[in-house]
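The values are calculated or read from the model by the stated rules, or taken from the named source; none is laboratory data. Keep in mind the model is a prediction, meaning the values are calculated, not measured. When we count neighbours, we look across all protein chains shown, and the Cβ atoms used for this are built from the backbone with ideal geometry, even at glycine. Calculation scope for accessible area: heavy atoms of the full protein, side chains included, ligands and nucleic acids excluded. Shrake-Rupley method; radii C 1.70, N 1.55, O 1.52, S 1.80 Å.
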2 protein chains.
Amino acid sequence: MPQATPRQLKLGAFLMSPGHHVAAWRHPDAQADLGRDFAAYARIAQQAEAAQFDALFLADVLAVGDTSESTGARSARSAYFEPLTLLSALAAVTQRIGLIGTASTSFNEPFNLARKFASLDLISHGRAGWNLVTSNTQAEADNFGGSQHLAHDARYERAEEFVDVVRKLWQSWEADAFVYDKASGQYYDPARLHVPRHQGAHFQVKGPLHVAPSPQGHPVVVQAGSSGPGIALAARTAEVVFTAQRTLPEAQAFYRQLKEQAIAYGRHPDDIKVMPGIFPVVAPSRAEAQEKFEALQQLIHPQVGIKLLSDMLGGFDLSGYPPDGPLPPLPLSNGGQSRQQLLIELARRENLSILELARKTAGARGHWQVVGTPADIADQLEAYFREGGADGFNIMPPTLPGGLTDFIDTVLPELRRRNLFRHQYEGRTLRENLGLPTPRPLADTAPAQAVA
Amino acid sequence: MPQATPRQLKLGAFLMSPGHHVAAWRHPDAQADLGRDFAAYARIAQQAEAAQFDALFLADVLAVGDTSESTGARSARSAYFEPLTLLSALAAVTQRIGLIGTASTSFNEPFNLARKFASLDLISHGRAGWNLVTSNTQAEADNFGGSQHLAHDARYERAEEFVDVVRKLWQSWEADAFVYDKASGQYYDPARLHVPRHQGAHFQVKGPLHVAPSPQGHPVVVQAGSSGPGIALAARTAEVVFTAQRTLPEAQAFYRQLKEQAIAYGRHPDDIKVMPGIFPVVAPSRAEAQEKFEALQQLIHPQVGIKLLSDMLGGFDLSGYPPDGPLPPLPLSNGGQSRQQLLIELARRENLSILELARKTAGARGHWQVVGTPADIADQLEAYFREGGADGFNIMPPTLPGGLTDFIDTVLPELRRRNLFRHQYEGRTLRENLGLPTPRPLADTAPAQAVA
C-alpha cells in the first residue's frame, strides 16, 4: 500500500428515506415515515454535520415509479420531500455541511433550475450542489405530457446544453457587482453584470439570473452518469461524480477514464472528485454484520425484489418469468445502460436465477455493498482511496437514522485513526471543504448591453 | 358603521426586498442587501410571527425587468431570493406563520410546481400557500425560449387548467393513506390513493404526486388577478385574493363582484378571503408621516420613476415623451389591463403630467397608499373591513425592516384595541388561522388502478 499522505477522503451522506435497503422501512432501525418528518431530517442533518460529512446528498425521481397494489403499496418510494425545498429548510438549521440535491435536465427549464439552486446556495452561504440527472422512465414522462421521453443520446445532448446555460446564468454577476451605494443611487455596477444571451439548439435564454452570487461563486456541479455520454458530460462539466462501482478494478478503470477525459477537456484532474456509493452494513463482528444484513434481506417481499430488479434493468418487466429460472435475453433500453450491463454480467458470472439476482441486488439496489466490522469497511474505503479508485465516498446507510448512526459511531473513528478523514471542516463553503476551485469566469458570456 | 362582531381581519406581511417603495433601498430604514441576507429575512419572519400575522407573502417575477445603466442599475429589483427556497428555509425557523409564495403558471410545469408547494406545506406542517400568477413580460419570455409570450386570454386558459391539475395532484393521497405497517409490509392503503390521470388541452399529467398530504390537506390557493378572466379564475379556485384597490367604493365593488361570482360557482362567500394591499406610511403625527413619505419620494430618480410607470402601463416606453407633458394615448396591451386602466383614469382625473403620475404611483407602485397616524391607518383598515371592502389586508411596508417594525409597533396595538386583530393564533395551520375549510375531495379523480 502506498505511504499515507495528507490527502483525506471526502464523504457524502446519501439520505434516502428511510434508508437505502429496499425493505429498510420495515426494520426497527428505520423511521418508516421519515419522508414526511422534517424534524427527523433536521436531526439527521445536524448529526451528519457534527460528524463533519462534506455534504448531504438527496436523489430524486419525478414520479411514483410503481402504484401497483402488489409492489408499489409495499414500497417506501411513494412519498417523500422534494429535494430543493427540503435542502433549503435544512440550510436554515445547519451551518457547515454541503447540501447536494438532484434535479433533472429532462423536465425542468434551465432558468428555473439555475435560480433555485443559486438561491439555495445564497441561503446556505455557499453550501449548495446540483446533481444533474436525465430522466428516463415512462412514469416520469407521464407526468410531463408523456411525449418527452427522450432517447438516451438526445437526453444527453439536451443535458450538455442545459448545464452550459445554467453555468452562464450562475455567472451573471461578478462577486462584487452589487455596490449598494445609497448616496449616489447606484445599486449595482453595470460593468460587472454579464447577460448570458444564450442561443442554442435546445434553449434560448437571455438572462441575467436575478440572484446574487454566493460565497462559493456558484453551486458545485455533481453528476452520476456512467454511460459513454454520461462520462463525457461529467468529464467536461462535473466537479463531483457519484458512481456505482462494485469492485476495485471497475472503480480504478472508471476513475482513470474520467480523469483522463477531464484532462483532455483542459481540466486539472483534482478538480473533479470521484465518489463511489457504498452501502455499508456494519457491526462489531462479521457474524453480527451478516446477521444484520440477513434480517434486512428477509424483509424483502419477493414481488418487490423482482419489480425493483425489473426497474434496474431499464423497465423490462420480469414478473411474468419463472422466479427460479434465468434472466431472459434483454433488449437494449433507454435506461442507464451500464448498470443494466453490470447486472446481466453478474447473473451470468454467478449463475443466478431471477429471484436470486433480485435478492442479491435489491437490497443495495445494485450499489457496492460491504458487510463487516468497522475495520473491514475502513479497509475497503482505504483501498479504493489509496489505489486510484476514489477521492471519497457517498455513504448509503441501509436504514435511517440507524444506519447513519452506526457508520458515524464506528467507521468514522476508524477512518480518523488512519488519518483518512477530517476532525474539523477545512472551510466554510462546500467548495472549500471538497477542495474545489472557485469557478473561473466563462469566456463566452457577453458583457451587459444598455437596453432601453 | 355596523356593530362590532367577533369577526377579525386577516393580515399578510408582503415582504419585498428591501421595501415596497421604489427608492426604499436608499433609505436609512431599509437594508439595501436584504435580498441576499437570509439571517435578516429570518429575523423579519420571526418578528411577523411574534406579531401574529397570518402569513408572509412573497411576490415573484421570472426575470430582471430592466438591465439598463440608467434605471436598472439604480433599482433593487435585480437580485433577490427565489420564493420557494426562501420560504422553505423560513419554515425551519418559524412555527405558526403562513408562508405564501408566488409562482407562475406560464413558465412552470404543474407537476413540478404542485410538488414543491406540497413539500413546503409538509415541511411547515400545513402553512404553505401558492399565489398563482401568469407571466406577461417580454423579459420573462426571453428567459424561456422567447416564444411563449402568451396573449392575455390564452394565459388565463392555461392558468385555469394548470390550477386544476395542481389541485388534483395535491389530492393524490387521502389524509390517512400511509399506514406504515411494518409487520404486514403494507406501506400505504391502495384504496386511499387517487391517481389524477389528467388529460386536458394544455396538460397531460398522470400523477400521483409523491408527497404526503400536510395537516391542512394542501396549500392555500391565492390569486391576485383583477382582470375579467383573473376574477373568474379567482372566484372558481382561489381561497385568498390579493388585490390593488385604492378607494373604498372600488374595493367594495371588487369584493361584491368576487363573492357573487364565487357563489355562482357553488362556493360559500366566506371561503374566499379578499385582502387588498396597503402601503402604510405611519408616524406619531400626520406631519411626521408626510415628512417620512416625502423623504422617500425625494430618493426616487426621475428616470427610475418614469421607467416604473412604463412597466405599470404594460411595458409602454414613456422615456421618449416630455416628462412634463400628458400621457400619450396608449394601445391595449397584454399586461394587467385593469391596473393600466386605473392609472390612465388617475392621470385624467387629476390632470397629471407623466412625471407627476410617475412620482405619484412609483412610490407605492400603484397600490393603496395611506400616510398618517396609527389611528388614521387603523380607521382606513376598519372602514374597508366593516363596510364590505375587505376580509383582511396585505401589508406592504415601504421599507424593510423599518416599515414593518413601524406597523407592528404602532398600528397593530391600535387594531387590537379595537378588537380587530388577534392576540394569539387561532390554529396551527394557515387554513385554520385564515378560517378556511379543509379542501373537499375532487370528484373527478379516478381511484387508483392496479398497474403492472
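The rows are residues; the columns are (1) without any contact (Cβ under 8 Å) to a residue 40 or more places away in the chain; (2) more than 27 Å from the chain's Cα centre (by Cα); (3) under 27 Å from residue A:382 (Cβ atoms).
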| site | (1), (2), (3) |
| --- | --- |
| A:287 | yes, yes, yes |
| A:300 | no, no, no |
| A:305 | no, no, no |
| A:309 | no, no, no |
| A:313 | yes, no, no |
| A:316 | yes, no, no |
| A:321 | yes, yes, no |
| A:326 | yes, yes, no |
| A:339 | no, no, yes |
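Considering only the range A:122-138, I want to know if a residue exists there that is over 27 Å from the mean Cα position of the chain (by Cα) and over 28 Å from residue A:52 (Cβ atoms). Checking the range A:122-138: not a single residue is over 27 Å from the mean Cα position of the chain (by Cα) and over 28 Å from residue A:52 (Cβ atoms). Of the residues making up the range B:179-189, those that are surrounded by fewer than 20 Cβ atoms within 10 Å (Cβ to Cβ) and not polar (S, T, N, Q) are B:179, B:180, B:181, B:182, B:183, B:185, B:189. Residues in the range B:202-217 that are open to solvent by 20 Å² or more (accessible area, probe 1.4 Å) and either more than 7 Å from chain A (Cβ to nearest Cβ) or over 19 Å from residue B:105 (Cα atoms) (or both): 4 in all.
Test residue A:116 against the stated conditions and say whether it is open to solvent by 10 Å² or more (accessible area, probe 1.4 Å), within 7 Å of chain B (Cβ to nearest Cβ) and not in a loop (DSSP other than H, G, I, E, B). Here the answer is yes, as residue A:116 does meet what is asked. Among the residues of the range B:33-48, are any under 21 Å from the mean Cα position of the chain (by Cα) and without any contact (Cβ under 8 Å) to a residue 24 or more places away in the chain? Within the range B:33-48, none of the residues are under 21 Å from the mean Cα position of the chain (by Cα) and without any contact (Cβ under 8 Å) to a residue 24 or more places away in the chain.
The set of residues in the range B:124-160 being buried (at least 23 other Cβ atoms within 10 Å of the Cβ), within 14 Å of chain A (Cβ to nearest Cβ) and hydrophobic (A, V, I, L, M, F, W, C) consists of B:128, B:130, B:144.
Listed here are the residues, each with its yes/no results for (1) closer than 30 Å to residue B:70 by Cα; (2) under 22 Å from the mean Cα position of the chain (by Cα); (3) part of a strand (DSSP E or B).
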position: A:180; (1), (2), (3): yes, no, yes
position: A:230; (1), (2), (3): no, yes, no
position: A:250; (1), (2), (3): no, yes, no
position: A:263; (1), (2), (3): no, no, no
position: A:266; (1), (2), (3): no, no, no
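Among the residues making up the range B:259-316, those that are closer than 20 Å to residue B:28 by Cα and aliphatic (A, V, I, L, M) are B:281, B:282, B:283, B:287, B:289, B:295, B:296, B:299, B:300, B:304. Highlighted here are the helices (runs of 4 or more DSSP H) found entirely within the range B:339-452 that include at least 2 residues which are at pLDDT 95 or above and open to solvent by less than 50 Å² (accessible area, probe 1.4 Å): B:374-386, B:402-406, B:412-417, B:430-434.
What about residue A:35, is it surrounded by 22 or more Cβ atoms within 10 Å (Cβ to Cβ), facing another protein chain (nearest Cβ under 9 Å) and of a type in the set (Gly, Ala, Ser)? The answer is yes for residue A:35. Can you say whether residue A:191 is modelled with pLDDT of 95 or more and assigned to a loop (DSSP other than H, G, I, E, B), as far as the supplied structure shows? No, not satisfied. Take the residues in the range B:16-32 that are surrounded by fewer than 24 Cβ atoms within 10 Å (Cβ to Cβ) and touching a strand residue (DSSP E or B) at 6+ places or on another chain (Cβ under 7 Å); name whichever of them is nearest to the other protein chains (Cβ to nearest Cβ). In this case the residue turns out to be B:32.
Scan the range B:165-178 and give yes if some residue there is open to solvent by 10 Å² or more (accessible area, probe 1.4 Å), among the hydroxyl-bearing types (Ser, Thr, Tyr), in a loop (DSSP other than H, G, I, E, B) and within 12 Å of chain A (Cβ to nearest Cβ), otherwise no. No, the range B:165-178 contains no residue that is open to solvent by 10 Å² or more (accessible area, probe 1.4 Å), among the hydroxyl-bearing types (Ser, Thr, Tyr), in a loop (DSSP other than H, G, I, E, B) and within 12 Å of chain A (Cβ to nearest Cβ). Yes or no: residue A:43 among the basic types (Lys, Arg) and either within 11 Å of chain B (Cβ to nearest Cβ) or buried (at least 23 other Cβ atoms within 10 Å of the Cβ) (or both)? For residue A:43, the condition - among the basic types (Lys, Arg) and either within 11 Å of chain B (Cβ to nearest Cβ) or buried (at least 23 other Cβ atoms within 10 Å of the Cβ) (or both) - is not met.
Residues checked against (1) surrounded by 14 or more Cβ atoms within 10 Å (Cβ to Cβ); (2) closer than 26 Å to residue A:371 by Cα; (3) out of contact with any strand residue (DSSP E or B) (no Cβ under 9 Å at 6 or more places or on another chain); (4) at pLDDT 90 or above:
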| position | (1), (2), (3), (4) |
| --- | --- |
| A:293 | yes, yes, no, yes |
| A:296 | yes, yes, no, yes |
| A:325 | no, no, yes, yes |
| A:331 | no, no, yes, no |
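Within the range A:302-317, the set of residues being over 13 Å from residue A:339 (Cα atoms), open to solvent by 50 Å² or more (accessible area, probe 1.4 Å) and in a helix (DSSP H, G or I) comprises A:302, A:303.
Only one of these is basic (Lys, Arg) and modelled with pLDDT under 95: A:77, A:96. Name it.
A:77
Does the range A:60-80 contain at least one residue that is more than 9 Å from chain B (Cβ to nearest Cβ), within 30 Å of residue B:140 (Cα to Cα) and open to solvent by 10 Å² or more (accessible area, probe 1.4 Å)? Within the range A:60-80, one or more residues are more than 9 Å from chain B (Cβ to nearest Cβ), within 30 Å of residue B:140 (Cα to Cα) and open to solvent by 10 Å² or more (accessible area, probe 1.4 Å).
Within the range A:131-160, the residues that satisfy the criterion of being in contact with a strand residue (DSSP E or B) (Cβ under 9 Å, 6 or more places away or on another chain) and of a type in the set (Ser, Thr, Tyr) are A:134, A:135, A:147.
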